[in-house]
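Peer 1: Have a look at the structure that comes next, please.
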Amino acid sequence: MLQTTIIKDTTAPEFTLVKDLYMSAFPDEERRDLTEWEACITAGTTRLYVFYWNNEFAGFLTTWRFNTFTYVEHFAISGHLRGQGVGSIAMKRCLEDVKDQMVLEVEKPTDETTNRRVRFYEHLGFHLCLDGYDAPAYPGKPKPVAMSLMAYPDALTKEGSQDVQRVLANDVYKCL
């Protein structure tokens, strides 16, 4: 059974588990500096969902709330629980909690791993924007990352995709 909690304090005991998964699940270019990430969470800019499966730490998801959509910045499930449906259940829980349009980025689908990730989100009802783009680099990171947007429940129009990209560049990638 999935339990969900929202953490606002990076001194919470479970934050160490979240931080360890964050560091192991995402490559360096897809992570912000840890101090900055913690500051975004503590300031309330980012909402941090923490998941437990049968009372065991299972993963986390971070969101940013904007006027017209909610952005999922990071979503990770512990390696030993992947492929067991825990990620789907966790994402469905967040989709129920967030009543408006939800948008996330995935690496541009170019191989089996990135295509499998896209299929995971499509199975949950997300729509892939066919126009990929270079997501701005996080502060202190050397280069942008080739990404694609996905949206739920409705697909983004070309104009909507451009609006989302502008918001992400101005707000998310420049948190502090």
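The values are calculated or read from the model by the stated rules, or taken from the named source; none is laboratory data. These numbers were taken from a predicted model, which means no experiment stands behind them. Please note: Cβ atoms are built from the backbone with ideal geometry, for glycine as well, and neighbour counts cover all protein chains shown. All accessible areas refer to the heavy atoms of the entire protein, side chains included, with ligands and DNA or RNA removed. Shrake-Rupley method; radii C 1.70, N 1.55, O 1.52, S 1.80 Å.
Peer 1: I'm trying to understand the selection: among the residues of the range 92-112, which are open to solvent by less than 70 Å² (accessible area, probe 1.4 Å) and under 29 Å from Gln3 (Cβ atoms)?
Peer 2: Listed by number, the residues that qualify are Cys94, Leu95, Val98, Asp100, Gln101, Met102, Val103, Leu104, Glu105, Val106.
Peer 1: Can you name every residue in the range 128-147 that is at pLDDT below 95, surrounded by 12 or more Cβ atoms within 10 Å (Cβ to Cβ) and of a type in the set (A, V, I, L, M)?
Peer 2: Ala135, Ala137, Val145, Ala146, Met147 - these are the residues of the range 128-147 that are at pLDDT below 95, surrounded by 12 or more Cβ atoms within 10 Å (Cβ to Cβ) and of a type in the set (A, V, I, L, M).
Peer 1: Also: From the list Gly125, Gly87, Gly59, pick out the single residue that is modelled with pLDDT of 90 or more and in a strand (DSSP E or B).
Peer 2: It is Gly59.
Peer 1: So, of the residues in the range 162-176 that are touching a Cys at 6+ places or on another chain (Cβ under 9 Å) and more than 16 Å from Asn67 (Cβ to Cβ), which turns out to be surrounded by the fewest Cβ atoms within 10 Å (Cβ to Cβ)?
Peer 2: In this case the residue turns out to be Leu176.
Peer 1: Quick one: in the range 22-79, which of the residues that are touching a strand residue (DSSP E or B) at 6+ places or on another chain (Cβ under 6 Å) and among the polar types (S, T, N, Q) is farthest from Arg117 (Cα to Cα)?
Peer 2: The selected residue is Thr46.
Peer 1: Hey, does the range 39-60 have a residue that's crowded, with 17+ Cβ neighbours inside 10 Å, free of Cβ contacts under 8 Å to residues at least 40 places away in the same chain and among the small types (Gly, Ala, Ser)?
Peer 2: yes
Peer 1: Okay, moving on. Could you check the range 64-78 and list, in sequence order, the residues that are of a type outside the set (Ser, Thr, Tyr) and in contact (Cβ under 8 Å) with a residue 12 or more places away in the chain?
Peer 2: Those that are of a type outside the set (Ser, Thr, Tyr) and in contact (Cβ under 8 Å) with a residue 12 or more places away in the chain: Trp64, Arg65, Phe66, Phe69, Val72, Glu73, His74, Phe75, Ala76, Ile77.
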